Structure formats: structure tokens, C-alpha cells
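Taking it in order: structure first as C-alpha cells, then the write-up.
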Amino acid sequence: MSLSVGTETEIAPSTTARRIPFWAWPLALAGVLVALSAIRLVTGISDISSSGTLGATLALAMPLALAGLGGLWSERAGVINIGLEGMMILGTWGAAFGAIHGGPWMGIVGAMVCGAVGGLVHALATVTFGVDHIVSGVALNIVAMGVASYLAARFFGELEGGSDVQSPPLPSLPRVGIPGISDPLKSVEDKGWFFVSELAALLRAATTNLSILTVIALLLIVGTWWLLWRTPFGLRVRSCGESPVAAETLGVNVYLYKYVAVTASGALAGLGGGFLAMVASNAYRESQTDGRGYIGLAAMIFGNWRPGGVLMGSGLFGFMDALQLRGGGDAIHALLLLIAVLLVGLGLWQVLRRQRYVQGTIAVAIGIAVGVIFVITETVPGDVTRFAPHLTTLLVLAFASQRLRMPAANGKIYRRGEGH
């Protein structure tokens with residue numbers, strides 16, 4: 001894809017990463033369902049693939065996906081965004097304030113506006129003043145916590161049902177679904193058939209009682225893919241993250257595109273915070289983001305700075321969160337068998353096909369250790385269960401890091417005219 005700017009031609013940023021064909025996504029999803037079905041039959045733990053667990057996965061994944069999508073916008077323009085957590089925090093307060101004073105739809109607007117303010121501050125610090133991106137993001141997270149705490153005490157403390165650390169109950173957003181198919185799908189799910197019941201559970205979770213904000217989030221993921229990879233605007237944004245000097249020589253206003261991308265990043269992360277306040281719960285609560293901005297950042301990295309990968313990574317982390325909430329230690333224990341098989345398979349593939357003997361041996365050894373733990377134990381302790389989503393984040397990034405490629409100019413300070 002190329003873009004004409006004046007008399008020059010701008011070429012899309014090159015990448016050495018191999019694109020995953022479209023047909024591979026449904027095939028991968030089918031493989032996941034087969035694996036979950038096999039684990040259910042072997043262990044007898046039905047919660048590992050029930051429609052309730054999968055529905056909770058979708059709900060828990062959306063805030064992470066929105067935060068990761070925000071990080072993608074910022075980092076595709078060349079600005080590292082560690083401040084996603086702070087932008088989500090601002091979004092939780094903005095959602096509550098907007099919903100209380102203007103209804104649920106104003107809650108969405110309030111979340112995005114407050115998150116966008118955080119993004120604008122981060123853009124001002126990094127793009128205009130050249131502050132180190134990591135320092136700016138960490139500072140934003142700290143300041144956002146204090147600002148949200150002060151604003152909550154100022155605006156919610158005197159309201160009925162509110163306090164200094166919590167808002168009154170918020171009005172609910174509409175919920176949607178496809179009528180007439182929930183009960184038939186539930187009937188198929190209850191049969192316990194291999195793969196077919198898992199497929200029915202997935203379809204039921206994806207078509208029953210969805211918050212309208214979940215639908216909006218999924219549309220934003222598709223829209224981001226189209227806008228950044230199929231339009232001249234997106235090409236300019238990505239060029240700023242790959243080579244801002246080259247983009248400038250072709251007439252691109254690099255500062256402007258960085259500001260737009262980082263502000264949009266804040267709005268998306270803020271919307272993720274609004275999801276937590278309005279959908280995951282029905283009120284603003286202090287510290288309710290609970291590090292989800294960082295997990296969203298991890299989902300973006302795991303997804304190789306692409307929207308589909310962000311959704312896949314968020315779904316993985318959301319699944320682990322849903323599993324530990326609904327199934328507890330027994331469900332996480334059942335999953336150990338799948339983890340053991342995957343690690344051994346990954347290790348053998350590394351050794352036999354890629355000749356990476358050290359990495360492959362480590363993966364096989366860890367897989368065998370996990371398998372032994374599965375055999376000699378009957379459940380997973382509560383402390384480990386609660387830490388499972390965060391542990392998954394660390395393990396996934398550790399094993400996926402070899403095939404990641406971030407934008408070439410990501411995190412670098414840019415000054416107009418430096419290429420002349």
C-alpha cells in the first residue's frame with residue numbers, strides 16, 4: 001500500500017513478521033475448543049468451558065482489550081504508553097461522573113473524555129517537551145490515582161449512597177442478544193458432547209445478554225484495524241512510529257499525528273476504565289482497575305502491536321481471570337494438564353524444528369514439572385489461584401518474546417527538522 005504526498009510516494013512501513021492468514025483464526029479457535037473439551041472430559045471440570053465461564057471471559061477481556069488497543073494507537077505512532085493504567089483510572093471516575101449527571105451514555109462520553117485528557121498530557125510531555133516516555137507514563141499513573149481519589153471525595157462523598165472512595169450506583173447500559181437461540185444452545189451445551197457442546201457454549205456466550213459496551217468495544221477493534229491498516233490516515237500514523245524523519249520529508253505533520261494517536265489512546269483506555277465502572281460493576285470504586293492497564297499493555301505486546309493479537313491476548317488473560325473467579329482452584333488445577341501438554345509440545349517443536357536447544361529444553365522441563373504438579377495435587381491454593389492471570393501474563397510474554405517486533409521508532413524522542 002502506498003500514499004502520495006505532494007510529488008513523493010510514501011511506502012507502508014516494512015515488517016519482517018509473517019502475517020497470519022484469515023483462515024488461521026477460526027482454525028485456531030477450533031483448536032482451543034478441542035483442547036478445552038478434552039480437558040473437560042479428562043478432568044470432569046465442566047466450568048472450564050461452560051457458557052458462564054466464556055461469557056465472563058468476554059466481559060473481563062473487554063477492559064483489557066480497550067487498554068491494549070489504546071496502547072496500540074500510541075505505540076504505532078512511536079510513543080510508548082506506560083500510562084494506560086492512569087488513563088483507565090481517570091476513565092472510571094469520568095464514567096461515574098457522566099452517568100450520574102447525564103445517564104449511561106454520558107458515562108461513556110465522560111470515560112473517553114477523561115482518558116483523552118490523560119492521553120493529551122502524556123503527548124504534551126513526550127512529544128512537545130521530550131520527556132522520557134517511561135518516566136512520563138509512570139508519573140501519569142501516580143498523578144491519576146491522586147486526582148481520581150480527590151475528585152471522588154469531592155463529588156461523590158456527599159451524594160446519597162456514595163462515599164470518598166465509591167460513587168452511588170450507576171444507571172445500567174442496555175444489553176443485547178439474539179432472541180430465541182439461548183435455550184437451544186444451552187440444551188446442546190448440557191449434553192456434554194465433545195467439541196459440539198463447547199461450540200454451543202461459545203455461541204451462547206457471544207449472543208446472550210451482552211452489554212452494548214462489549215459490542216462497541218469489538219467494533220472499535222475492527223475499526224482500528226481498518227483505520228490504521230487500510231486508510232491513508234493510518235499509514236501516516238504508522239509511518240510516524242516507524243520513521244518519523246522519513247514521514248516528515250514526505251510532508252506528514254508528525255507532531256499532529258502523534259498527538260492525535262496518543263489522545264485517541266487515552267480515550268480508548270479511559271473507555272476501558274468506564275467498562276469497569278459501568279459494566280463489570282455498577283459503581284466507581286477506588287483502585288478498581290487493579291493493574292489492568294499493565295495487563296492491557298502486556299496483551300498489546302503479546303499481540304505484536306496488532307488489533308487481532310490484542311483481542312487474542314486479552315481473551316487469554318480474561319479467560320484465566322474468569323476461570324479463577326468461577327471455578328476456583330479446581331478449575332485452575334484442571335488447566336495445568338493443558339499447560340503441561342502445550343509446554344512439552346512447544347519445547348519439542350523448538351528443539352526438532354528450530355534447533356533452539358536451550359529454549360526447547362527449558363520448555364519441556366517446565367512442562368514436565370507442571371504435569372507432575374497436576375498428578376500429585378488435587379487443587380491449586382487460593383493465593384496462587386488469585387495470582388493466575390498475572391502469572392499467565394509473565395509466562396506468555398516470556399515465551400512469545402522471540403517473535404515480537406515493535407515499531408522501529410517506538411520510544412525515541414523526535415524533533416522536527418532533525419533529518420535535514
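The values are calculated or read from the model by the stated rules, or taken from the named source; none is laboratory data. What you see is a predicted model, and the numbers here were worked out from it, not measured in a lab. Glycine gets a Cβ as well: all are built from the backbone with ideal geometry, and neighbour counts include every protein chain shown. Keep in mind that these areas ignore ligands, DNA and RNA; they rest on the heavy atoms of the full protein, side chains included. Shrake-Rupley method; radii C 1.70, N 1.55, O 1.52, S 1.80 Å.
Within segment 345-372, track down each residue that is modelled with pLDDT of 90 or more and open to solvent by 80 Å² or more (accessible area, probe 1.4 Å).
Leu348, Thr361, Ile368
So how many residues does segment 28-68 have that are free of Cβ contacts under 8 Å to residues at least 40 places away in the same chain and crowded, with 22+ Cβ neighbours inside 10 Å?
0
Pairs only if they're at least six apart or on different chains, beta carbon under 6 angstrom, first in segment 177-206 and at positive phi and assigned to a helix (DSSP H, G or I), second among the acidic types (Asp, Glu) and open to solvent by less than 30 Å² (accessible area, probe 1.4 Å); list them, first residue then second.
Pairs that qualify, where the first residue is at positive phi and assigned to a helix (DSSP H, G or I) and the partner is among the acidic types (Asp, Glu) and open to solvent by less than 30 Å² (accessible area, probe 1.4 Å): there are none.
Only one of (1) open to solvent by less than 30 Å² (accessible area, probe 1.4 Å); (2) closer than 25 Å to Ala77 by Cα; (3) not polar (S, T, N, Q) fails for Tyr294. Which number is that?
For Tyr294, the failing item is (1).
Within segment 218-239, how many residues turn out to be open to solvent by 20 Å² or more (accessible area, probe 1.4 Å) and either closer than 25 Å to Val176 by Cα or within 17 Å of the chain's Cα centre (by Cα) (or both)?
Residues in segment 218-239 being open to solvent by 20 Å² or more (accessible area, probe 1.4 Å) and either closer than 25 Å to Val176 by Cα or within 17 Å of the chain's Cα centre (by Cα) (or both): 7 in total.
Would you please name the residue that is modelled with the highest pLDDT, looking only at residues in segment 322-344 that are open to solvent by 40 Å² or more (accessible area, probe 1.4 Å) and not β-branched (Val, Ile, Thr)?
Top of the filtered list is Leu337.
Could you tell me which numbered condition Val375 fails, if it satisfies all but one of (1) at pLDDT 90 or above; (2) over 30 Å from Ala77 (Cβ atoms); (3) in contact with a Phe, Trp or Tyr (Cβ under 9 Å, 6 or more places away or on another chain)?
Failing condition for Val375: (3).
Any idea which of Ala277, Ala267, Ala261 is over 16 Å from Asn410 (Cα atoms), open to solvent by less than 10 Å² (accessible area, probe 1.4 Å), modelled with pLDDT of 95 or more and not aromatic (Phe, Trp, Tyr)?
Just a single option satisfies the conditions, and that option is Ala277.
Give segment 171-217 a look and list any residue that's open to solvent by 30 Å² or more (accessible area, probe 1.4 Å), hydrophobic (A, V, I, L, M, F, W, C) and under 27 Å from Val109 (Cβ atoms), or say none.
Once the filter is applied, which keeps residues that are open to solvent by 30 Å² or more (accessible area, probe 1.4 Å), hydrophobic (A, V, I, L, M, F, W, C) and under 27 Å from Val109 (Cβ atoms), segment 171-217 yields Val176, Ala206, Ile212, Val215, Ile216.
Within segment 114-126, is there a residue that is over 30 Å from Gly417 (Cα atoms), out of contact with any Phe, Trp or Tyr (no Cβ under 6 Å at 6 or more places or on another chain), surrounded by fewer than 24 Cβ atoms within 10 Å (Cβ to Cβ) and hydrophobic (A, V, I, L, M, F, W, C)?
Checked against the condition, which is being over 30 Å from Gly417 (Cα atoms), out of contact with any Phe, Trp or Tyr (no Cβ under 6 Å at 6 or more places or on another chain), surrounded by fewer than 24 Cβ atoms within 10 Å (Cβ to Cβ) and hydrophobic (A, V, I, L, M, F, W, C), segment 114-126 yields no hits at all.
Which of the residues spanning segment 140-153 are among the hydroxyl-bearing types (Ser, Thr, Tyr) and surrounded by 14 or more Cβ atoms within 10 Å (Cβ to Cβ)?
If the condition is that a residue be among the hydroxyl-bearing types (Ser, Thr, Tyr) and surrounded by 14 or more Cβ atoms within 10 Å (Cβ to Cβ), then Ser149 is the only one that fits.
Report, by residue number, each residue of segment 84-126 that is small (Gly, Ala, Ser), farther than 15 Å from Gly273 by Cβ and within 23 Å of the chain's Cα centre (by Cα).
Within segment 84-126, Ala123 is the sole residue that qualifies.
Condition test on Phe195, is it within 19 Å of Val117 (Cβ to Cβ) and of a type outside the set (Ser, Thr, Tyr)?
No, not satisfied.
Looking only at segment 154-168, filter to residues that are part of a loop (DSSP other than H, G, I, E, B) and open to solvent by less than 60 Å² (accessible area, probe 1.4 Å); which one of those is farthest from Trp93 (Cα to Cα)?
Going through the qualifying residues, I end up with Gly161.
Free of Cβ contacts under 8 Å to residues at least 60 places away in the same chain and surrounded by fewer than 18 Cβ atoms within 10 Å (Cβ to Cβ) - does that describe any residue in segment 245-252?
no
Listed residues Trp25, Trp93; which is at pLDDT 95 or above, open to solvent by 20 Å² or more (accessible area, probe 1.4 Å) and part of a helix (DSSP H, G or I)?
Exactly one of Trp25, Trp93 is at pLDDT 95 or above, open to solvent by 20 Å² or more (accessible area, probe 1.4 Å) and part of a helix (DSSP H, G or I), namely Trp93.
For a quick check of your reading of the model, give me the residue pairs whose first member lies in segment 346-360 and is farther than 18 Å from Leu395 by Cα, whose second is among the aliphatic types (A, V, I, L, M), with beta-carbon atoms closer than 6 Å and at least 6 apart or on different chains.
Tyr357/Val351
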